[in-house]
Amino acid sequence: MLLSSPALAPRLTLVRASPLADLDDAGLARAAAEGQPGAAGAVWDRYGALVHGLLRRVLGPGGDVEDHAQETFLQFFREVKNLRDPAALRPFLLGIAVRVARSALRRRRFRRWLSLTDSGVLPDEPAAGVDVGAREAVARLYAMLDTLDDRARLLFVLRHIEGLELAETAQASGMSLATAKRHLAKVTARVHAMAERDPLLAAYVAPAEEASDG
């Protein structure tokens, strides 16, 4: 017997991605500025991992990355209406992430002056499968970065750890290209000089001339 009742017919559920996901950055920025439904999720899907990675590398171990990532996106959605060039969505968002990271670094320094927490030291027990030597190198690197001022630290991390292009590093840091290049050359030379004096870190860093931007 053939049952043709609509109630008994198999149901097909079509899952369609948000059309905003197909927009370029300019279109997505406009959608976010207009408060279109789905815009927040589309921006998060496109750039959430990038923002998380940047904050994690700038702040180092124990940096409360999730909280700072949420703060970055909250600020972005408050400020996106002020974005003059919608195509500059990515550097605009990275600039906000840099400001959030810089503020977090200042608060961390203040807590240390008051002898509170935020030492930045990694846990004593390494996770299973983690290269203990590499883990110790990371701890020493961030201890070294803690000796830098916030601007120098951000420049070094954005360029040499996060791997941003020089122009994007300058834009995210709110500097001209020439200024960023000048300060970056100084901090790169300083970090390499410190690393070369550490037998463990020396094995992980490239020669200073290879790290410079020419």
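In table form, for the structure just shown:
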read-out: Nearest-0.05 FRET efficiency for ALA202 and GLN70, computed from C-beta distance (R0 30 Å); value: 0.20
read-out: Extension reserve of the ARG182-ASP85 stretch, reckoned as 0.36 nm per residue once the Cα distance is removed; value: 32.2 nm
read-out: Residues LEU184, LEU164, sorted so that the one with the fewest Cβ neighbours within 10 Å comes first; value: LEU164, LEU184
read-out: 13 Å beta-carbon shell around ALA42, net charge (K/R +1, D/E -1); value: -3
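FYI, it's all coordinate maths here, none of it is from the lab. Keep in mind that this is a model prediction, so the values were computed, not measured. Positions of Cβ are generated from backbone atoms using ideal geometry, with glycine treated the same way; all protein chains shown enter the neighbour counts.
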